[in-house]
Amino acid sequence: MLKAKILRAETTDARIDYEGSLAIDEDLMDKVGILPYEKILVGNISNGERFETYAIPAPRGSKMFSVRGAAAHLGKVGDLLVIMCFAYVEDSQVKNLRPRTITLAEKNSKIIKSLNV
């Protein structure tokens, strides 16, 4: 089930020469409940690419979304991303699960919409 989602995150950096991952402002990770090194699914709104990787914390308040390693071939600075995180839940918990989501403004300047945060 969907656990967390960050919508319209603008890519601030792309580094091919790095272990694969996506660095995300740690404040925003906390806001939606994405844990360091947790597996994530990333959809690139700008070019339609999708890839799986893991989240690593970027400095708090940096507004950073840095695509790294092989995934850096799938996007560039300025691309808009949807970052999704999923969880296994018991059948009895499905009805009560509400994903924590945020939507970001241009250049990740602020949260313009949040749900269940």
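Taking segment 80-112 as the region of interest, how many residues are outside any loop (DSSP other than H, G, I, E, B) and touching a residue at least 60 places away in the same chain (Cβ under 8 Å)?
Step one: list which residues in segment 80-112 are outside any loop (DSSP other than H, G, I, E, B), which gives 80-86, 91-94, 100-104, 106-108, 111-112.
Applying the additional criterion that residues be touching a residue at least 60 places away in the same chain (Cβ under 8 Å) yields 80-86, 94, 100-104, 106-108, 111.
Residues in segment 80-112 being outside any loop (DSSP other than H, G, I, E, B) and touching a residue at least 60 places away in the same chain (Cβ under 8 Å): 17 in total.
Return the pair list, or none, for Cβ contacts closer than 6 Å from residues in segment 8-35 that are more than 16 Å from Met84 (Cα to Cα) and of a type in the set (S, T, N, Q) to residues that are modelled with pLDDT of 95 or more and part of a loop (DSSP other than H, G, I, E, B), at least 6 apart or on different chains.
Thr12/Met64
Please go through segment 29-78 and give me each residue that is assigned to a strand (DSSP E or B) and of a type in the set (S, T, N, Q), ordered by number. Spell out the reasoning first.
Let us first name the residues in segment 29-78 that are assigned to a strand (DSSP E or B), namely 39-44, 50-58, 65-68.
Matches in segment 29-78: Asn44, Thr53, Ser66.
In the list Lys107, Lys63, Lys113, which residue meets the criterion of being over 16 Å from Ile24 (Cβ atoms) and either out of contact with any Lys or Arg (no Cβ under 6 Å at 6 or more places or on another chain) or aromatic (Phe, Trp, Tyr) (or both)?
Result: Lys113 is the single residue among Lys107, Lys63, Lys113 that is over 16 Å from Ile24 (Cβ atoms) and either out of contact with any Lys or Arg (no Cβ under 6 Å at 6 or more places or on another chain) or aromatic (Phe, Trp, Tyr) (or both).
Which numbered condition trips up Ser46, out of (1) under 12 Å from the mean Cα position of the chain (by Cα); (2) farther than 15 Å from Ile111 by Cα; (3) surrounded by fewer than 15 Cβ atoms within 10 Å (Cβ to Cβ)?
(1)
Quick check on my filter: what residues within segment 32-83 are at negative phi and aromatic (Phe, Trp, Tyr)?
Phe51, Tyr54, Phe65
The values are calculated or read from the model by the stated rules, or taken from the named source; none is laboratory data. In this text, all values refer to a predicted model and were calculated from it rather than measured experimentally. Positions of Cβ are generated from backbone atoms using ideal geometry, with glycine treated the same way; all protein chains shown enter the neighbour counts.
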